[in-house]
1. When the helix-only estimate is applied to the chain (DSSP H runs of n ≥ 4, each -39,500 (n - 2.57), divided by the residue count), what is the mean residue ellipticity at 222 nm, nearest 500 deg cm²/dmol?
2. What's the long-distance tail for the stretch 133-296, i.e. % of Cα pairs beyond 19 Å?
3. Per-residue counts of other Cβ atoms within 10 Å, averaged by peptide: what ranking do you get for 311-320, 233-242, 27-36, highest first?
4. Using Cα pairs under 8 angstrom and six or more residues apart, how large is the relative contact order of the chain, in percent?
5. Would you work out the relative contact order for the stretch 133-296, in percent, from Cα pairs under 8 angstrom that are 6 or more residues apart?
6. Only one of the listed values, (1) 32, 56, 12, 0; (2) 34, 57, 9; (3) 30, 53, 17, 0, was derived from the coordinates as P(r) over Cα pairs in 20 Å bins from 0, in percent; which label is it?
7. When each pair of different Cα atoms in the stretch 51-125 is counted once in the 1/r mean, what is the Kirkwood radius in angstroms, to one decimal?
8. Quick check: pseudo-label points 7 Å beyond the Cα along Cα→Cβ at residue 184 and residue 318, how many nm apart are they?
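What follows draws every value from the coordinates through simple rules; no lab data is involved. Just so it is clear, the structure is predicted and the values come from calculations on it, not from any experiment. Quick reminder, even Gly has a Cβ in these numbers, built from the backbone with ideal geometry, and neighbours come from all protein chains shown.
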């Protein structure tokens, strides 16, 4: 039955909501993206999710398709068993301890399964993307923050309370500043897109300059490509930091492959090469001897695809 079945996949982003109908083989047969009104609140966001699910079901019904479940990808900690978004609130009003599965099930009549977005991306890359064919995988999402997921012996490692895989919170410099979660010297604090923006501003101001408006991480990368010396310095530093975090993961897990996703993974080959150089230079030889470091293959659709595939497997009673 599940071979030809489909699910509705939902990915809750900071600024947009993505939704698709996903088949078990990874095919996305219909998709839509809609902006989210800022600032967000639980009631408005949940209403938008339910509306989006209703509309895409109507759309695919015209082609004779009837999704049998819903998978929802959300940031933060998730009670996977009960489908509750525990938090943190992600800047969304009342966005803690949200019984998302129960709410959406009551409105749609479909079984609903909720997962952490980085875990959903990990599942998708393992099954359909850069991790296909590998059984021991580390996925790292380089973006505003740093998320991650871990596949061990072909299974997603969840840890106690389904809280495993938070690679962004490992400490790489205890004397460094605190992250927004209060962890001193975290990988996320030093290596994320937010860190790139902060370091560029610090370097400009240290040299007597002034930034009339904040630049985005992408804009700083573009400046580095154009040869801006401050941007070049900051991006080189960032690549070193990203690599140090990967080196820790290599020496602990000795994975077959590390997959880098998120917006920063789309930077040019020079940046990627600097990351690899740092990772291999700072890890144990026996642990790094066979590891690959590759870009994610599925881009922004990974969490969407992963959530749909995850829900179909959960409905079938399978463990991913």
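1. Working: 10 runs with 125 residues, N = 320.
Mean residue ellipticity at 222 nm (helix-derived): -12500 deg cm²/dmol.
2. On the way: 7305 of 13366 pairs.
Beyond 19 Å sits 55 percent of the P(r) for the stretch 133-296.
3. Values: 311-320: 17.1, 233-242: 21.7, 27-36: 14.3.
Order by mean packing, descending: 233-242, 311-320, 27-36.
4. Numbers: 657 pairs, mean separation 65.7, N = 320.
Relative contact order comes out at 21 percent.
5. On the way: 280 pairs, mean separation 38.5, N = 164.
About 23 percent, as a whole number.
6. (1)
7. Numbers: mean 1/r = 0.0752 Å⁻¹.
With all distinct Cα pairs of the stretch 51-125 included, I get 13.3 Å.
8. A separation of 4.6 nm, rounded to one decimal place.
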